[in-house]
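The values are calculated or read from the model by the stated rules, or taken from the named source; none is laboratory data. Predicted model only: the values in this text are computed from it and were never measured. Positions of Cβ are backbone-derived with ideal geometry, glycine not excepted, and every protein chain shown enters the neighbour counts. Quick note on the areas: whole protein, heavy atoms, side chains included, nothing else; ligands and nucleic acids left out. Shrake-Rupley method; radii C 1.70, N 1.55, O 1.52, S 1.80 Å.
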Amino acid sequence: MTTMSEERRTGAAPGGQSTVRLAVIDSDTGFLQVLGKRLEGMGWQYRVLASPVPLDAMVAMRLNAVVVDLAVLGPQGWTYLDKLCARLPGLGVIVCTGQSSVAQRVRGLRLGADDWVTKPCHPEELIARVEAVVRRRKRADVRVEKGPVMIGEVEIRADQFQAFVGGVSVELTRREFELIQLLAEAEGQVLQREEIYQRVWGYAMVHGDRSVDVFVRKLRSKLERASSNWRYIHTHFGIGYRFSAEPVEDPVGAALPVPEPADELSAPDDISALTALPAPEYAPAG
């Protein structure tokens, strides 16, 4: 049975703002002491867990977000992270752990984590990232109330965090779903790369970061495999992307492949290349 530390101070945030309900799965006492003082000052409700708890207990906590150190999760860390993200799709999940490889970070994000922070890190940065994830989750909750959106052959369902073509799931990751939802809500307007990154990832884009291009390319590929007679994501070079369902000019027979823009193909951090590699097991630093 997993032990749980005492629940810290609860109450309303200063200025009457709504609090954030947060769980921190970590055993780094020094880091937790500094983080705890800051969270108490903000009026957040939070629990520190020395080890992973059953998923039913996580559901019962009614959390907005959870911060997870993979080293604390042990050998079954990847499995626990996968099940946590699948069981609670509306929960913000931030991995805050020691040194890791690119493949490990990619694996965590694809399993459903919203963000990945490498220790040592400043508690203020971690809190800011939690706030960004919670903001995105709240926006997603509002979108669920609007019901499904149909564009071309694609049905976007916020209540399932998924898109469908002919009733068949397009198999989008959570980040890919957030991307298609944002682009679709723009109703044909061009969104700049910087704006997409800010609204999907939750913080300002670092110069040279090609994450938007990489995720757009993967999303475009999935949509065109599922709905080959339509084109959905359109590139505006040097600016950003537009989402609009436009039929292929010659839909007879197999749809012709659309060449990728040069600025997308030049992305140095193309994480899609990692899909052919076996995912490594996590080995905590130190």
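Yes or no, residue by residue, for (1) polar (S, T, N, Q); (2) touching a residue at least 60 places away in the same chain (Cβ under 8 Å):
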{"residue": "VAL168", "(1), (2)": "no, no"}
{"residue": "GLU171", "(1), (2)": "no, no"}
{"residue": "GLU176", "(1), (2)": "no, no"}
{"residue": "ILE180", "(1), (2)": "no, yes"}
{"residue": "ALA186", "(1), (2)": "no, no"}
{"residue": "GLN189", "(1), (2)": "yes, no"}
{"residue": "GLN192", "(1), (2)": "yes, no"}
{"residue": "GLN198", "(1), (2)": "yes, no"}
{"residue": "VAL206", "(1), (2)": "no, no"}
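Is the stretch 73-89 home to any residue that is under 19 Å from VAL133 (Cβ atoms) and assigned to a strand (DSSP E or B)? Looking for residues that are under 19 Å from VAL133 (Cβ atoms) and assigned to a strand (DSSP E or B), one finds none in the stretch 73-89, hence no. The residue that is surrounded by the most Cβ atoms within 10 Å (Cβ to Cβ), among those in the stretch 148-162 that are among the aliphatic types (A, V, I, L, M) and touching a residue at least 40 places away in the same chain (Cβ under 8 Å), is VAL154.
Considering each residue of the stretch 52-62, count those that are surrounded by 14 or more Cβ atoms within 10 Å (Cβ to Cβ) and in contact with a strand residue (DSSP E or B) (Cβ under 9 Å, 6 or more places away or on another chain), and give that number. Of the residues in that region, 4 qualify.
Scanning the stretch 123-164 for residues that are charged (D, E, K, R) and at pLDDT 85 or above gives GLU124, GLU125, ARG129, GLU131, GLU153, GLU155, ARG157. Note on the stretch 72-113: residues that are of a type in the set (Gly, Ala, Ser), more than 13 Å from the chain's Cα centre (by Cα) and surrounded by fewer than 17 Cβ atoms within 10 Å (Cβ to Cβ) total 4. Checking the structure you have, find out if any residue of the stretch 31-44 is in contact with a strand residue (DSSP E or B) (Cβ under 7 Å, 6 or more places away or on another chain), open to solvent by 20 Å² or more (accessible area, probe 1.4 Å), in contact (Cβ under 8 Å) with a residue 40 or more places away in the chain and over 23 Å from ARG174 (Cα atoms). Within the stretch 31-44, none of the residues are in contact with a strand residue (DSSP E or B) (Cβ under 7 Å, 6 or more places away or on another chain), open to solvent by 20 Å² or more (accessible area, probe 1.4 Å), in contact (Cβ under 8 Å) with a residue 40 or more places away in the chain and over 23 Å from ARG174 (Cα atoms).
Against the numbered list (1) at positive phi; (2) over 21 Å from the mean Cα position of the chain (by Cα), ARG62 comes up short only at (2).
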